[in-house]
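Working notes for the structure below.
The values are calculated or read from the model by the stated rules, or taken from the named source; none is laboratory data. Here the structure is a predicted model, which means the values were calculated and not measured. Every residue, glycine as well, gets a Cβ built from its backbone with ideal geometry; the counts of neighbours run over all protein chains shown.
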Amino acid sequence: METGTSRVKRGMAEMQKGGVIMDVMNAEQAKIAEAAGATAVMALERVPSDIRAAGGVARMADPTVLEEVMKVVSIPVMAKARIGHYVEARVLEALGADYIDESEVLTPADEVFHISKRDFTVPFVCGAKDLGEALRRIQEGAAMLRTKGEPGTGNIVEAVRHMRLITGQIRKVQNLSKDELYHEAKNLGVPYDLLLDVHETGKLPVVNFAAGGVATPSDAALMMHLGADGVFVGSGIFKSEYPERFARAIVEATTHYTDYKLIAEVSKNLGTPMKGIEISKLAPSERMQDRGF
Amino acid sequence: MKIGVLALQGAVAEHIRSIEAAGGEGVAVKRVEELDSLDGLIIPGGESTTIGKLMRKYGFIDAIRDFSQQGKPIFGTCAGLIVLAERIEGQEDAHLQLMDMTVARNAFGRQRESFETDLPVKGINEPVRAVFIRAPLIKEVAPSVDVLSTYNGEIVTARQGHLLASSYHPELTDDYRLHAYFLDMAKEAAAAKA
C-alpha cells in the first residue's frame, strides 16, 4: 500500500475533469457551491477581488475557515499557500486539505524558489501562463495546473491569452524534430524528458484547468473550447448578485460547453455578474499573473 | 461492442482509452438519446454529488434504469459505484439504486489517505493495480451480489448479474483486464438477447 504516489495525486485531479472548482470564504458558501454541483471548493479568507481591494500582504487563510468548510461538505476542499511558503503548505497538509494551491493570488513568500511539491503526500495545483512555467511546476511535483489569468478582475482576456499560448506552444513542440527538442528545452528552461512527453502525447502530463477571470457561463464554456479540462471560479460566484444562480449556470455551461442553446437558457435572468476590471487599468504592481515564473 | 462512458464530469477519456485498449469501441455520452446504441455503460470516477445532480437534471436516472432493465451491463468505478448503489450510508437518498448494496462515501478518509495497491480480483488471474482516491467502500451486499475482491476485509469489487462496481480506478492504470472483463459481460448480454 502506497500513499502520495504521483498516480494517486494526479488521479485526484483527473476526477475533477469537466467540473467547476469554486472559491468559498465560509461554510455557508461552501454548502451553496456543493449544492450547485461544484466538484471541489477552495477555502480562503478573501476571494481575489477582495484581496485586490484590501491590499497589504495576503497570506494563507485562518485554519478555522478550512476546518469549518471541511466539516460541512463531502467534496474535496482545497486551500491556498503562498508561492514558496512550504510551512504554510505543511500546515494545510496537517489540517487535512485535499489539495494545495501554491498561488500567485497570495503575496509570494519566495521570489526565487517554488515549493518542492514532490515531498508532500497532498497534491498541489499551480498557476502557469506558458508552457515553460507549466512544465517547471510539474517538474517540482505539481499534480494539476491552472492558467493564471488575472484573478479578481472578472475579465477573461488573460486566461484566454494563457490558454492559447500554452496550447500553441504544445502544437509547436509536437512539430519539432527530436534533435530540435534539446534546444527548445533550453529555450523554455524545462527538463528534456518532460518536453519529450509533450512532443509525443501532444498534451500536458497533468490536468489543466482555466482560472483567473471566469465570471459568466459563457466564459467557462469558452475556456473549455480552448482546451481547459475544467474551470476554477474565484470572485465570479460570490461577488455576483445571485451566487446560487451563477454557480449552477456555470456548472451546466461547463458540462455542456458546445450546447449553445443550453448556455443561452442557463444565462437568462442571472442578475448582475461581478463587476469587472479592465486589465490596462491595473498598475504593474497589481498584476498577480507576473508573480512566479 | 460499443461502450458508452457517462460524460457529465470525471475521468471520461481514461475509460474510453481503456475500453479501446481492451478491444471495444468507447464513446462519451452526454445525452440520454445516446444510450440507445450502446452495448454497455461505464459510470466513471468523479464527484458523485456533482454527477448525481447532473444525471437528475438531464433525465439520466430513468434512462439508465431503463437501460439496466434491458439487461445491458453497467460498470461503476468510485463515484460511479456510489451512483449505482441502492443505499448510501448516512444519506436519505441514493441515485440510481440499481445494485443491492450499501456504500460508504470517502470511507478511507481525505485525499492524503488515498493510496494504490496490488489487489487480487476473482475472475482475473494476477492481482490488478488498484488506485483508491477518496474511495468509497461497499459495506453490505444482498446475497445475489457476488463479492469479487476485498481490501482489509472490506468489499471493494462486486458484481450483481449485469452490474459491476469497483471502489478504485482501473482506468488510471495501463492494466485493461477489468475493462476486458466488462467487455465480456457486454458480449454475454448481447448474445443472450440474440
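Computed quantities for the displayed model
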quantity: Residues (among the aliphatic types (A, V, I, L, M), surrounded by 24 or more Cβ atoms within 10 Å (Cβ to Cβ) and within 14 Å of chain A (Cβ to nearest Cβ)) located in the stretch B:44-84; calculated: B:Ile51, B:Ala79, B:Leu81, B:Ile82, B:Val83
quantity: Residue satisfying condition, being of a type outside the set (Val, Ile, Thr), touching a Cys at 6+ places or on another chain (Cβ under 8 Å) and touching a residue at least 24 places away in the same chain (Cβ under 8 Å), within set B:Ala135, B:Ala79, B:Ala142, B:Ala104; calculated: B:Ala135
quantity: Count - residues of the stretch A:22-55 that are crowded, with 24+ Cβ neighbours inside 10 Å, in a helix (DSSP H, G or I) and out of contact with any strand residue (DSSP E or B) (no Cβ under 6 Å at 6 or more places or on another chain); calculated: 2
quantity: Residue identified as of a type outside the set (Lys, Arg), more than 25 Å from A:Ser280 (Cβ to Cβ) and not in a helix (DSSP H, G or I) among A:Ala142, A:Ala134; calculated: A:Ala142
quantity: For B:Pro120: the one exception among (1) over 22 Å from B:Leu41 (Cα atoms); (2) surrounded by 16 or more Cβ atoms within 10 Å (Cβ to Cβ); (3) touching a Ser or Thr at 6+ places or on another chain (Cβ under 7 Å); calculated: (2)
quantity: Residue within the stretch B:68-75 that is modelled with pLDDT of 95 or more and closer than 25 Å to A:Thr258 by Cβ present; calculated: no
quantity: Any hit, the stretch A:56-78, residues being crowded, with 22+ Cβ neighbours inside 10 Å, assigned to a helix (DSSP H, G or I) and not aliphatic (A, V, I, L, M); calculated: no
quantity: So A:Met15, is it closer than 16 Å to B:Ile51 by Cα, within 14 Å of chain B (Cβ to nearest Cβ) and without any contact (Cβ under 8 Å) to a residue 60 or more places away in the chain; calculated: yes
quantity: Qualifying residue in the stretch A:102-116 (condition: within 14 Å of chain B (Cβ to nearest Cβ), buried (at least 24 other Cβ atoms within 10 Å of the Cβ) and not in a loop (DSSP other than H, G, I, E, B)); calculated: no
